[in-house]
1. Which members of segment B:126-168 meet the condition of being over 30 Å from B:V347 (Cα atoms), more than 8 Å from chain A (Cβ to nearest Cβ), assigned to a strand (DSSP E or B) and not polar (S, T, N, Q)?
2. Tell me the residue from B:G107, B:G119 that is under 21 Å from B:D303 (Cα atoms) and either at pLDDT below 95 or buried (at least 18 other Cβ atoms within 10 Å of the Cβ) (or both), please.
3. Considering only segment B:425-441, I want to know if a residue exists there that is in contact with a helix residue (DSSP H, G or I) (Cβ under 6 Å, 6 or more places away or on another chain), at pLDDT below 85 and within 20 Å of B:A492 (Cα to Cα).
4. Test of understanding: among B:D317, B:D353, which residue is modelled with pLDDT of 95 or more, of a type in the set (D, E) and open to solvent by 30 Å² or more (accessible area, probe 1.4 Å)?
5. Name every residue in segment B:42-72 that is facing another protein chain (nearest Cβ under 8 Å), touching a residue at least 24 places away in the same chain (Cβ under 8 Å) and among the polar types (S, T, N, Q), in order of residue number.
6. For segment A:1-42, what are the residues that are without any contact (Cβ under 8 Å) to a residue 12 or more places away in the chain and assigned to a loop (DSSP other than H, G, I, E, B)?
7. Please specify each residue of segment B:394-418 satisfying the condition of being within 15 Å of B:M369 (Cβ to Cβ) and open to solvent by less than 20 Å² (accessible area, probe 1.4 Å).
8. Looking at segment A:85-95 only, could you name the residues that are open to solvent by 80 Å² or more (accessible area, probe 1.4 Å) and either within 7 Å of another protein chain (Cβ to nearest Cβ) or aromatic (F, W, Y) (or both)?
Amino acid sequence: MSIDETTAARVAKLARIKVEPEALPGLATEFNTILGFIEQLNEVNVDGVEPMTSVTPMRLKRRQDVVTDGNQQAKVLSNAPDAREGFFAVPKVVE
Amino acid sequence: MLDLTYEPPKPKVIAGAKHDWELVIGMEIHAQVSSRAKLFSGASTEFGAEPNSNVAFVDAAMPGMLPVINEFCVEQAVRTGLGLKAEINLVSAFDRKNYFYPDLPQGYQISQLYHPIVGEGEVLVEMGPGVARLVRIERIHLEQDAGKSIHDMDPNMSFVDFNRTGVALMEIVSRPDIRGPEEAAAYVTKLRQILRYLGTCDGNMQNGNLRADVNVSVCRVGQYEKYQETQDFSHLGTRCEIKNMNSMRFIQQAIEYEARRQIAIVEAGGKVEQETRLYDPDKGETRSMRSKEEAHDYRYFPDPDLLPLEIEQAWVDGIAASMPELPDARKARYMADYGLTDYDANVLTAEVDTAAYFEAVAQGRDGKMAANWVLNELFGRLKKDNHELSDSPMSAAQLGTILDLIAKGDISGKIAKDLFEIVFTEGGDPAEIVESRGMKQVTDTGAIETAVDEVIAANPAQVEKAKANPKLAGWFVGQVMKATGGKANPAAVNEIVARKLGL
């Protein structure tokens with residue numbers, strides 16, 4: 001699989017990262033280097049090998065169904081570029 | 001085991017300009033899990049709180065915050081799976097579904113694409129006595145809800161509230177086994193009923209706690225059977241997904257409109273484009289959600305913040321052992337044990353609260369009679385005052401006492417209705433009211449005989465007529481009842497009147 005500039009531009013757009021057109025060829029090359037490495041990994045036969053999800057035998061940590069958090073509206077909104085009446089305010093998005 | 005024999009309903013057929021067409025419908029139901037805290041944080045799930053007050057830093061996606069799963073939400077998903085006779089996956093895993101939207105602070109939704117917690121199950125959807133559609137469930141996965149955007153508070157800005165962000169949802173995915181708008185609504189109704197019995201989702205559609213995405217396609221008559229034989233989707237038409245509906249009526253209208261739209265395209269020689277659409281209830285039509293198209297590339301990958309979710313069979317067995325009786329089983333029991341009709345059993349089991357009330361009244365009494373009083377007298381009276389059963393002024397214990405008084409012969413059926421009205425409006429212990437207000441039925445035959453004698457003596461002409469036509473004896477019974485203020489035992493009056501008239 002090879003990434004061209006159009007694909008690189010699309011990935012950037014989906015991630016909402018602004019990339020200037022002149023930076024696209026370099027970005028595409030970087031993607032291809034990464035994918036090339038992945039393809040190299042794909043050459044290893046892993047039939048019958050269970051995926052390793054953790055380096056130590058750990059169980060997914062669980063919490064009880066208890067309310068222990070929240071009630072911090074001011075803190076939650078403190079980094080928002082625009083907040084009004086307790087809401088985040090963003091440019092209008094309507095379907 | 002429950003043995004319900006049923007016939008599948010006929011699929012809905014829509015006549016196009018050239019051919020007859022059938023509908024094929026699959027649904028994705030998003031059901032909010034009933035829990036106190038969110039799926040991955042300790043913030044409250046309570047509805048209607050101040051904006052952005054039920055938000056933990058995890059929900060706001062602050063850098064460095066890590067999700068920790070709420071075990072009860074997992075239990076609720078498992079309970080739901082068991083309720084839909086589905087296989088429970090002891091190992092499941094969470095993935096990130098990436099898309100950009102202001103109500104999604106993480107920039108991704110944590111969901112379960114590759115390894116859902118619940119696998120294949122089924123829902124039996126009744127469409128009438130002996131007619132039902134068995135809808136196969138493909139999977140149920142756990143995922144996070146998004147926040148809420150409000151568009152009408154400012155002309156240029158949307159306001160976003162993260163209170164709902166991160167609340168646990170179950171996405172219940174059906175196979176395309178639903179064959180018409182009515183079936184679709186009946187499916188949602190049945191699913192909602194089961195979830196409410198299980199206590200895993202409150203089913204409040206108005207608050208958005210139960211929402212439906214509907215996949216609709218159309219095909220020529222006969223094609224669907226080919227799909228069912230082969231499970232090969234190429235026999236079916238291209239589907240469109242109508243997103244996010246929270247009303248039974250809109251679901252039906254949207255399906256109907258969408259099917260006709262697709263038929264018109266195909267009959268005109270065009271091709272239906274697979275896309276996401278929105279239903280506009282004001283215009284009564286669906287329209288393309290163009291903004292979603294680009295975002296369709298969700299770039300799923302396993303969430304590196306979460307280990308796979310492993311649960312133990314013994315834990316699942318424990319949940320299975322504590323399952324409540326579900327609607328189908330309860331309905332069958334009401335019909336078998338109490339001799340109720342299919343219709344009455346349906347009404348009494350529709351809501352879990354109704355069933356509980358009925359059972360409290362029926363407990364140790366005549367079930368059929370209890371059903372009649374709950375369905376006719378109580379429901380009728382509640383409706384008259386615009387009451388719900390939940391705020392009924394009459395408790396099941398009070399109604400039960402009234403039935404006991406009838407059964408003992410203390411009051412007649414007619415007096416019971418008066419007593420019902422008194423207890424409903426004034427409250428109090430029915431047995432005490434009967435005593436204190438002298439409503440007790442007269443069973444003393446001596447007193448009844450006197451009353452009958454008096455009526456006969458006062459109406460010689462009627463006596464002659466009744467002797468010629470025994471049907472007129474009813475008139476005397478009525479007069480005696482009137483004279484005794486309705487308190488005479490009707491059976492005793494009947495017998496004495498007939499004897500005295502020599503009938």
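1. Scanning segment B:126-168 gives B:H141, B:L142, B:E143, B:K148, B:A168.
2. That would be B:G107, the only listed residue that is under 21 Å from B:D303 (Cα atoms) and either at pLDDT below 95 or buried (at least 18 other Cβ atoms within 10 Å of the Cβ) (or both).
3. Yes: one or more hits.
4. Going through B:D317, B:D353 in turn, the sole match is B:D317.
5. Hits for segment B:42-72 are B:N52, B:S53, B:N54, B:N70.
6. Matches in segment A:1-42: A:A15, A:R16, A:I17, A:K18, A:V19, A:E20.
7. Those that are within 15 Å of B:M369 (Cβ to Cβ) and open to solvent by less than 20 Å² (accessible area, probe 1.4 Å): B:A396, B:L399, B:G400, B:I402, B:L403, B:L405, B:I411, B:S412, B:A416.
8. Those that are open to solvent by 80 Å² or more (accessible area, probe 1.4 Å) and either within 7 Å of another protein chain (Cβ to nearest Cβ) or aromatic (F, W, Y) (or both): A:P91, A:V94.
The values are calculated or read from the model by the stated rules, or taken from the named source; none is laboratory data. Keep in mind it's a predicted model, so treat the numbers as computed, not measured. Ideal geometry is used to build each Cβ from the backbone, glycine not excepted, and the neighbour counts take in all protein chains shown. Accessible surface areas use protein heavy atoms only, side chains included; no ligands, DNA or RNA. Shrake-Rupley method; radii C 1.70, N 1.55, O 1.52, S 1.80 Å.
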